[in-house]
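The values are calculated or read from the model by the stated rules, or taken from the named source; none is laboratory data. Owing to the predicted nature of the structure, the values given are computational and were not obtained by experimental measurement. Please note: Cβ atoms are built from the backbone with ideal geometry, for glycine as well, and neighbour counts cover all protein chains shown.
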C-alpha cells in the first residue's frame, strides 16, 4: 500500500490511499485502524532499518462512502487515513498538494509493483514510470473491457507498450508538476488481468481521479476533529 501526505491545514496527519488497499473487492469488512502500521520515508524494502524512516499508528480509516466491494467498477476507490501523531517533514518525507488543474497530459508514477522481469515478485527499490494521461473515451477505444472497471470519476494512464503499473502498485500516486510543485493527480486503482506478469501492460490502467474527490477529502480533513 502506498500512502501520500496531503498538504492542507494539517499536512502532517492526513494520508490518501486506494480504498481497495483497505477493503478489497469481495472482502467482508475493511482493515481496522489498529491493524495498520504506516512507514514513511521507506526506500529499500530489503533493508530492515533506514535512516529517516518513521513508523506511525493510524487513528482512523475513512473509506469513501461510495466504495462498493460487490461490483466490478473501481469508482470511489479512495480513502483517507489519519495518523495518531504528527510527523516531521524531511528530505525523505514531504507533503503532496491536491491537484486543481487537469490540463497536464503526462504524469509520473512511482511504485514497488511486480516488475516486467518475471523473476521478481515485486521491486525492492521503487521504479519510476512517466505515463500519458488518457480520457475515458480514449481508454475504452484502446480496450473496451476497461469500461467495466472504470467510472466517471476515473481516468486511464499508461503507455500501452508492455510497460505499466502492476500488482503491488495499488495506491501509488500519479504526480504532475508545474515545474516547482508536485500535485497528486490520480491514485493507481486497477488493471486488466493478463500477460505473464498478472496484469495486462499492453493496455492502459485505471486511476482514481483525485480532482473528483477534493471536496470529500477536505470534508474528512475538517470533520475528523469534531
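Tabulated values for the structure
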{"item": "Residue match in segment 197-204 (condition: assigned by TED's automatic domain parsing to the domain that holds residue 126, in contact (Cβ under 8 Å) with a residue 40 or more places away in the chain and touching a strand residue (DSSP E or B) at 6+ places or on another chain (Cβ under 7 Å))", "result": "yes"}
{"item": "Complete set of residues in segment 33-60 that are under 19 Å from residue 80 (Cβ atoms), within 19 Å of the chain's Cα centre (by Cα) and without any contact (Cβ under 8 Å) to a residue 60 or more places away in the chain", "result": "33, 36, 37, 38, 39, 40, 56, 58"}
{"item": "Checking residue 91 against (1) buried (at least 17 other Cβ atoms within 10 Å of the Cβ); (2) farther than 25 Å from residue 203 by Cβ, the condition it does not meet", "result": "(1)"}
{"item": "Yes/no for residue 160 being surrounded by 13 or more Cβ atoms within 10 Å (Cβ to Cβ), touching a residue at least 12 places away in the same chain (Cβ under 8 Å), assigned by TED's automatic domain parsing to the domain that holds residue 206 and more than 23 Å from residue 20 (Cα to Cα)", "result": "yes"}
{"item": "Residue selected from segment 54-84 under the condition in contact with a strand residue (DSSP E or B) (Cβ under 6 Å, 6 or more places away or on another chain) and outside any strand (DSSP E or B), by the criterion farthest from residue 191 (Cα to Cα)", "result": "84"}
